[in-house]
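Peer 1: Before I ask anything, here is the structure I am working with.
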There are 2 protein chains.
Amino acid sequence: MDASEAAQRIRDGVLTSEELVQDCLERIRALEPKVQAWQFLDEEHALAQARACDERKRGGEPVGPLHGVPVGVKDIIDTADMPTENGTALHEGRTPRDDAAVVRMLRAAGAVILGKTVTTECAYFNPGKTRNPLNPEHTPGGSSSGSAAAVGAGMVPLALGSQTAGSVIRPAAFCGAYGFKPTHGLIPRTGVLALSRTLDHVGLFARSIDDLALLLEQLHGYDERDPDTRPRARIPFRSVAGEEPPLEPMFAFVKTPHWERMDPDAKEAYAELREALGKQVEEVQVFVSGNEPWDWHRTIMEAEMAANLEPLWSEGAEKLSEKLRALLERGKETRALDYQRALRRIAPTVEGFDELFMQRYDAIITPPALGTAPKGLASTGDPAFCSVWTLLGMPAITLPLMQGENGLPLGVQLIGRKGYDARLLRTARWLEKKISS
Amino acid sequence: MDASEAAQRIRDGVLTSEELVQDCLERIRALEPKVQAWQFLDEEHALAQARACDERKRGGEPVGPLHGVPVGVKDIIDTADMPTENGTALHEGRTPRDDAAVVRMLRAAGAVILGKTVTTECAYFNPGKTRNPLNPEHTPGGSSSGSAAAVGAGMVPLALGSQTAGSVIRPAAFCGAYGFKPTHGLIPRTGVLALSRTLDHVGLFARSIDDLALLLEQLHGYDERDPDTRPRARIPFRSVAGEEPPLEPMFAFVKTPHWERMDPDAKEAYAELREALGKQVEEVQVFVSGNEPWDWHRTIMEAEMAANLEPLWSEGAEKLSEKLRALLERGKETRALDYQRALRRIAPTVEGFDELFMQRYDAIITPPALGTAPKGLASTGDPAFCSVWTLLGMPAITLPLMQGENGLPLGVQLIGRKGYDARLLRTARWLEKKISS
């Protein structure tokens, strides 16, 4: 049962929010000792929210599209009723005064905030305690490790994460969840730990494309405190995503300069996928300047994180991991010239991709990662197949449609034209149907 | 006769554009050997434009608000029919394909583009050939040296310049002209040599406040290629500027941390000005953090100029002046962290000034420079009294209302609330009337 179906049943009165939340809590009790997806979870508080939802419905109050549906929230996203520790000892016990904009939006849609999910340290690379629900010896990916694992394990139907390099798409793919990083600026980031204004995105985890559309419909919008959001009409993501494409879609298969590092079984799986799509997929060389866009991403991430995490550094650099300290040190030394050069390359590169979509293709297909979730918990894996789309702010979705030799999931990542999120969801639905049939 | 009057006479048919342009050319012939304000001036081309204006009027075609009025254009502003050399040997003979947005707007309003005025090298500090029209042993100021000198000398009623530190207000004050740097983003900069997106402004020179309002009315607007302009209603600057203020205005006298360096006679002149304004002026301490805003300005200017002038540097660093090379070298070494820090201070500082205006004051009064135009031509003077208002993007105007001991003009600079340009013009008119009476 996905979130869309659960919400419908609650609206129809054949399921209560309390029952749904109880089911989630039972599954969490069973799996959490192994998976460790949650940073904060107060069963009583979750049930109280659920009962209040049921109460409101019984009282005849209007119900929102997510009425009574539990959602997990990454622990870098502020919640006024639960701690938000940003994955760092420096913020232990931190209790924000306000909900983040997205949490406010979730509550307005009727959702139950089930609990806070584990993040890596400051959403960067130092792992948290979470393990891959499909094999606890493997990483769940990061930085939205807990959200990916919780949804992958069926502990909660929906969760929020964030992506500055590959922190939504990669863990979703590793944990067998559907992951979605919408266009930059579509979802407001107010109240989310700021690493990089240019690169930060709120991202979504779910168990179906419909659920991603349902969730995005609640979360997109203008927030005057996020300067990259714009006043815009409310977009009916669910209806567009639910339509049949007017023509059979064309896909551009993009290997990127990192293709050679891919696991052999993953390469094979993508070859089979291309075969299955026949004439509807063509390989396209888009990264003619080689690794440059990855360098721009790194330069911007390092420079902006160094500026944004300055207060943490001053407060207690010694309590930060070596990985994060090294990043911040590099960021402090980044030259304004290189930073500006990198920023200036984004818009023309996006325009180049716009043309690709205008001329011929409905979506890019590219791996979400080098293969299935790597063994070991010391690293959350390589974001190389995600970071460039994060840099460009283009919408990215991963679908758990394939498997590696080890039985772990292999995602299929689709990239859409910037600002065309609804169409990307529609194309993704078409692909899923095609592959599953 | 100012531009407003000239335009009216041309509309009324009692003056032709050709007569007006001939008058200007005669004055230029007489004074140019001494002043050297013009980088390019083709008398025949100017007269041809004037005759075409007169022809159109005789043919009954509609005439614009600047119909037949000659305007001087700083030689960093592109003109499709005249060279634009940006004050550097590297651009000798450069002929742009397109007019800058402001030149297009001038032509649409019926203006005659009289010629191109001298700029310092790349609108930075290395002087051009221009001398102060009121005393050729003194600097005209810079970087819009030619525009200020030409208007100050009565060679042309209107001219365009640009300001990234103090390049409009300072030379206007030195040459006895009215100078105006409107709010950042009000006038599009497309086709103007880009030094710094954050700091660059197009500015105006004229012989009256009415003329500045007339000119701004033609030049403000949205341009999709200047990301800091916004679609907005056309603002009737002339009518607002022409109104009486509903209440007698209150002025905040701001000394800034550079006050101690002022010339003694200038200090005295400002003391007299304050006396004349009596209870309508109060001294206000606004720079509690000392010199910091000047440091932010420098950091941003160096970093952004290094990025924008990179092509020039690669093309021929050896043809750049030592001053400019030293700036670009500092800019190349600026850290992204310091650059971001500086950028982030702008918005809250502007908000602080907004409050000052909301609570009590109509305008800030502050000197435009350390005194009258310094003797000598090796330096264009110190921009310290301008650069902070450039950083903040607040509107600044200078009025030639006073004199120094040496008989050279001393300007009175008024600063308005960001976005309140029309009201600043109205307040300036009130002040001028008050002082002249």
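Read the figures in this text as sums done on the coordinates, not as results from a lab. Quick caveat, the model's predicted, so the values are computed rather than measured. FYI the Cβ positions are ideal-geometry reconstructions off the backbone, even for glycines, and counts take in every protein chain you see.
Peer 1: Treating the beta-carbon of each Lys and Arg as +1 and of each Asp and Glu as -1, no other charges, what is the dipole magnitude of the protein assembly as shown about its Cα centre, to the nearest 20 debye?
Peer 2: 400 debye
Peer 1: Give, as a single signed number, the net charge of other residues whose beta carbon lies under 13 Å from the beta carbon of A:GLY161, with Lys and Arg counted +1 and Asp and Glu -1.
Peer 2: On the way: positive: A:LYS74, A:LYS116, A:ARG170, A:LYS181, A:ARG189; negative: A:ASP75, A:ASP200.
That works out to +3.
Peer 1: Using unit Cβ charges (K, R positive; D, E negative) and no other charged atoms, how large, in debye to the nearest 20, is the dipole of the stretch A:23-160 about its Cα centre? Mind showing how you got there, number by number?
Peer 2: Working: 15 positive and 18 negative charges, 50 e Å.
Here the stretch A:23-160 has a charge dipole of around 240 debye.
Peer 1: So the label point sits 7 Å from Cα along the Cα-to-Cβ vector; using that for B:ARG341, what distances do you get to the other copies, in nanometres, sorted shortest first?
Peer 2: Spacings between copies for this position, smallest first, are 2.4 nm.
Peer 1: Fewest first, what order do B:LEU160, B:LEU408 take by the number of other Cβ atoms within 10 Å? Before the final figure, lay out each step's value.
Peer 2: Values: B:LEU160 27, B:LEU408 20.
Final ranking by Cβ density, sparse to dense: B:LEU408, B:LEU160.
Peer 1: Next question, about the same structure. Once you charge only the Cβ atoms, +1 for Lys and Arg and -1 for Asp and Glu, what is the size of the charge dipole of chain A about its Cα centre, to the nearest 20 debye? Each step should come with its number before you reach the end.
Peer 2: On the way: 51 positive and 61 negative charges, 105 e Å.
Once rounded to the nearest 20, the dipole reads 500 debye.
Peer 1: Right, another one. Rounded if a/c is under 1.5, else prolate if a/b is larger than b/c, else oblate: which is the stretch A:3-241, with a ≥ b ≥ c the root eigenvalues of its Cα gyration tensor?
Peer 2: Working: a/c = 1.42, a/b = 1.12, b/c = 1.27.
Because its axes are fairly even, with a/c under 1.5, the stretch A:3-241 counts as rounded.
Peer 1: Moving to a separate point now. For B:LEU158, which sequence-distant residues (separation of 5 or more, or a different chain) have an amide H within less than 5 Å of its own amide H, given hydrogens modelled in the peptide plane?
Peer 2: Distant-sequence amide H within range of B:LEU158: B:GLY72.
Peer 1: Can you find, among B:GLY72, B:PRO257, B:ALA30, the residue sitting farthest towards the positive end of the charge dipole of the protein assembly as shown, where Lys and Arg contribute +1 and Asp and Glu -1 at Cβ?
Peer 2: It is B:GLY72.
Peer 1: Right, next: Quick one: of the DSSP bridges fully inside the protein assembly as shown, what percent are antiparallel, nearest 5?
Peer 2: Numbers: 49 of 79 bridges.
Bridges in the protein assembly as shown that DSSP calls antiparallel: roughly 60 percent.
Peer 1: Provide, as a two-decimal number, the C-alpha radius of gyration of chain A over 2.2 N^0.38 Å, N being how many residues it has. All intermediate terms of the calculation are to be shown ahead of the outcome.
Peer 2: Details: Rg = 20.4 Å, N = 437, 2.2 N^0.38 = 22.2 Å.
Normalised Rg, Cα atoms only: 0.92.
Peer 1: Where both partners of a DSSP beta bridge lie in the stretch A:3-241, what percent of those bridges are antiparallel, to the nearest 5?
Peer 2: 60 percent
Peer 1: Excluding A:GLN359 itself, calculate the net charge of residues whose Cβ lies under 15 Å from the Cβ of A:GLN359, where each Lys or Arg counts +1 and each Asp or Glu counts -1. Provide the component values of the computation, followed by the final result.
Peer 2: Numbers: positive: A:ARG360, A:ARG417; negative: A:GLU282, A:GLU351, A:ASP354, A:GLU355, A:ASP362.
Here the count lands on -3.
Peer 1: Which value at 222 nm does chain B reach when only helices count, each DSSP H run of 4 or more adding -39,500 (n - 2.57), with the total divided by all residues and rounded to the nearest 500 deg cm²/dmol? Intermediate values should be presented prior to the final figure.
Peer 2: On the way: 15 runs with 184 residues, N = 437.
Dividing the helical sum by the residues of chain B leaves -13000 deg cm²/dmol.
Peer 1: In what sequence do B:LEU247, A:LEU15 fall when counting other Cβ within 10 Å, fewest first? It would help to have the intermediate numbers written out before the result.
Peer 2: Values: B:LEU247 7, A:LEU15 19.
Fewest-to-most Cβ neighbours within 10 Å comes out as B:LEU247, A:LEU15.
Peer 1: Could the peptides B:112-121, B:73-82 be put in order, highest first, of the mean number of other beta-carbon atoms found within 10 Å of their residues? Show your work: numbers first, answer last.
Peer 2: Details: B:112-121: 27.2, B:73-82: 24.8.
The peptides rank, most packed first, as B:112-121, B:73-82.
Peer 1: Of A:PRO236, A:PRO400, A:PRO311, which is the most mobile in a GNM of chain A whose springs link Cα atoms less than 10 angstrom apart?
Peer 2: In this elastic network of chain A, the residue with the biggest mean-square fluctuation among A:PRO236, A:PRO400, A:PRO311 is A:PRO311.
Peer 1: Further question on the same structure: How big is the equivalent ellipsoid of the stretch B:297-337 along its three axes, where each semi-axis is √(5λ) from the Cα gyration tensor, reported in whole Å from largest to smallest?
Peer 2: Working: eigenvalues 63, 20, 11 Å².
The equivalent ellipsoid of the stretch B:297-337 has semi-axes of 18, 10, 7 Å.
Peer 1: Another question, if that's okay. Along Cα-to-Cβ, 7 Å out, sits the label point; list in nm, shortest first, how far the one on A:PRO62 is from those in the other copies.
Peer 2: Result for A:PRO62, in nm, nearest copy first: 4.7.
Peer 1: Any idea which of A:PRO231, A:GLY115, A:LEU20 is furthest toward the positive side of the dipole for the stretch A:3-241, if Lys and Arg beta-carbons carry +1 and Asp and Glu beta-carbons -1?
Peer 2: A:PRO231
Peer 1: Rank-order B:34-45, A:422-433 by packing density, defined as the average count of other C-beta atoms within 10 Å over each peptide's residues, highest first.
Peer 2: Details: B:34-45: 18.8, A:422-433: 22.1.
Per-residue Cβ counts within 10 Å, averaged per peptide and sorted highest first, yield A:422-433, B:34-45.
Peer 1: Turning to a different aspect of this structure: Could you identify the residue of B sitting closest to the B-A rotation axis by Cβ and state that distance rounded to whole angstrom?
Peer 2: B:ALA336, 2
Peer 1: If the limit is 30 Å between Cα atoms, which of A:LYS116/A:LYS323; A:LYS267/A:LYS319; A:LYS74/A:LYS323; A:LYS57/A:LYS418; A:LYS319/A:LYS375; A:LYS74/A:LYS279 go over it?
Peer 2: Details: A:LYS116/A:LYS323 24 Å; A:LYS267/A:LYS319 40 Å; A:LYS74/A:LYS323 21 Å; A:LYS57/A:LYS418 38 Å; A:LYS319/A:LYS375 27 Å; A:LYS74/A:LYS279 40 Å.
Pairs exceeding 30 Å: A:LYS267/A:LYS319; A:LYS57/A:LYS418; A:LYS74/A:LYS279.
Peer 1: Quick one: grab the alpha carbon gyration tensor of the stretch B:119-249, order the square roots of its eigenvalues as a ≥ b ≥ c, and give me rounded if a/c is under 1.5, else prolate or oblate depending on whether a/b is larger than b/c. Each step should come with its number before you reach the end.
Peer 2: Numbers: a/c = 2.28, a/b = 1.24, b/c = 1.84.
The shape class here is oblate.
Peer 1: In percent, how large is the relative contact order of chain B, given Cα pairs closer than 8 Å and 6 or more residues apart? Please list the in-between numbers first.
Peer 2: On the way: 1005 pairs, mean separation 76.8, N = 437.
After rounding, I find 18 percent.
Peer 1: Count the DSSP beta bridges whose two residues both fall in chain B, then state the antiparallel fraction as a percent rounded to the nearest 5. All intermediate terms of the calculation are to be shown ahead of the outcome.
Peer 2: Working: 24 of 39 bridges.
Around 60 percent antiparallel, to the nearest 5.
Peer 1: Note the distances from A:GLY13 to each other copy's matching label point, with points 7 Å along the Cα-to-beta-carbon direction, in nm, sorted shortest first.
Peer 2: Here A:GLY13 shows inter-copy label distances of 8.4 nm.
Peer 1: For the protein assembly as shown, take every pair of Cα atoms, bin their distances at 10 Å starting from 0, and report each bin as a whole percent.
Peer 2: Whole-percent P(r) values from 0 Å outward: 2, 12, 19, 19, 15, 14, 11, 6, 2, 0.
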